[in-house]
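Undergrad: Encoded as structure tokens, here's the structure I'll be asking about.
The values are calculated or read from the model by the stated rules, or taken from the named source; none is laboratory data. Small disclaimer: the values here were computed from a predicted structure and weren't measured. Positions of Cβ are generated from backbone atoms using ideal geometry, with glycine treated the same way; all protein chains shown enter the neighbour counts. Note: accessible area is taken over every heavy atom of the protein model, side chains too, but ligands, DNA and RNA are not part of it. Shrake-Rupley method; radii C 1.70, N 1.55, O 1.52, S 1.80 Å.
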Amino acid sequence: MTVQKVTPNSPPHFKRFYVCFDSLKKGWKEGCRPILRLDGCFLKGPFKSELLSAVGRDANNQMYPVAWAIVEVECTDSWAWFLNLLAPDLNLEDGFGFTIISDQQKGLEIAINDVLPRVEHRNCARHVFANWIGRKKAKSYEFDF
């Protein structure tokens, strides 16, 4: 958990919170494919923030939650903070041999290149195709896609 102080004498204020349980780490390392899906979403309510998540795929092709964090805003700094905690937890080292799938989150690509320079990074096919909607050639690509 990370807190910040506005002034040296002020009480600490919540900034970020990271969760990666040991049993989930071991389960991902021993029974999942070397693929992680990174995503972020808004948290609504009295305390506005973002939820960042890392989800794997198990042997049955089912989703396997690995880690999550609550951050103040989705940006390169918060993604880098999340990846800097996630990488040692999962022994990703420089990322060689692993794949990360995402959907063009704000600042994520820069953070991935900084923290895991040798990881294979791909965009989610559904989101790539969604970006074609509204273009003149969208229908011609739809069948091929």
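Undergrad: Quick one: would you say GLN104 is under 22 Å from VAL119 (Cβ atoms), surrounded by fewer than 20 Cβ atoms within 10 Å (Cβ to Cβ) and of a type outside the set (Gly, Ala, Ser)?
TA: Answer is yes for this residue.
Undergrad: Within the bounds of the range 72-86, is there any residue that is modelled with pLDDT of 95 or more, of a type outside the set (Asp, Glu), more than 25 Å from GLU120 (Cβ to Cβ) and not in a loop (DSSP other than H, G, I, E, B)?
TA: Checked against the condition, which is being modelled with pLDDT of 95 or more, of a type outside the set (Asp, Glu), more than 25 Å from GLU120 (Cβ to Cβ) and not in a loop (DSSP other than H, G, I, E, B), the range 72-86 yields no hits at all.
Undergrad: Going through ASP94, ASP89, ASP58 one at a time, which residue ends up being modelled with pLDDT of 90 or more, at negative phi, of a type outside the set (Lys, Arg) and open to solvent by 40 Å² or more (accessible area, probe 1.4 Å)?
TA: After applying the criteria, what remains is ASP94.
Undergrad: Looking at the structure I just gave you, is LEU38 crowded, with 20+ Cβ neighbours inside 10 Å and part of a loop (DSSP other than H, G, I, E, B)?
TA: no
Undergrad: Determine which single condition GLU50 fails, assuming it passes every other condition in (1) open to solvent by 40 Å² or more (accessible area, probe 1.4 Å); (2) in a strand (DSSP E or B); (3) at pLDDT below 95.
TA: (1)
Undergrad: Take the residues in the range 16-33 that are surrounded by fewer than 16 Cβ atoms within 10 Å (Cβ to Cβ) and touching a residue at least 24 places away in the same chain (Cβ under 8 Å), then tell me which one is farthest from ALA111 (Cα to Cα).
TA: Top of the filtered list is GLY31.
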